[in-house]
Amino acid sequence: MSKTLWKKTLIHGTECLVPDCPDALNWLGKTKLNQGVMIEPRRPRNLQHHKKLFALLKIAIDNWPGDEPTTIEGLLGAIKISGGHYDVVQTKKGAWKIPKSINFESMDQKEFEPFYEHAILVISRVLGVPPEDLEREANYFN
């Protein structure tokens, strides 16, 4: 028997969960009444919070100290690794840290919040700017 994990969005209604898209409604229509189902409950990621992270990264790149150029992707990778959000791959030449994804499927809002706070702290140290000022600036550009 193959195992299928159903990942659809549900909305909490009055004492029940209600499908919020045609796929979920169609799937639920094929389910017998009172039949138990398994779902993977997760709080969806806040899109504005995600956009604010990238506004913060852009601010950092635009104000990066020194002559060495950096990119948003490079800075994001460094923040992932410094925050422990990576996998380790063992090779003949040693261990490599590979940054994990922060996309909406792989990281929910609960996981994203401390990641974002870590990013603010890292960037504030590099730029020599208080975290509150960075937060205010990111809110302005978001």
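Observations on the model:
- Of everything listed in (1) part of a helix (DSSP H, G or I); (2) surrounded by 14 or more Cβ atoms within 10 Å (Cβ to Cβ); (3) not hydrophobic (A, V, I, L, M, F, W, C), the single unmet condition for residue 23 is (2).
- Search result, residues across the stretch 47-72 that are touching a residue at least 24 places away in the same chain (Cβ under 8 Å), more than 17 Å from residue 102 (Cα to Cα) and of a type in the set (Gly, Ala, Ser): 60
- In this entry, residue 80 passes the filter for residues that are assigned by TED's automatic domain parsing to the domain that holds residue 53, part of a helix (DSSP H, G or I) and among the basic types (Lys, Arg).
- Hey, residue 133 out of contact with any Cys (no Cβ under 8 Å at 6 or more places or on another chain) and assigned to a strand (DSSP E or B) or not: no
The values are calculated or read from the model by the stated rules, or taken from the named source; none is laboratory data. Only a predicted model underlies this, so the values are computations on that prediction, with no experimental measurement involved. Methodologically, a virtual Cβ is constructed for each residue, glycine included, from the backbone with ideal geometry; neighbour enumeration extends over all protein chains shown.
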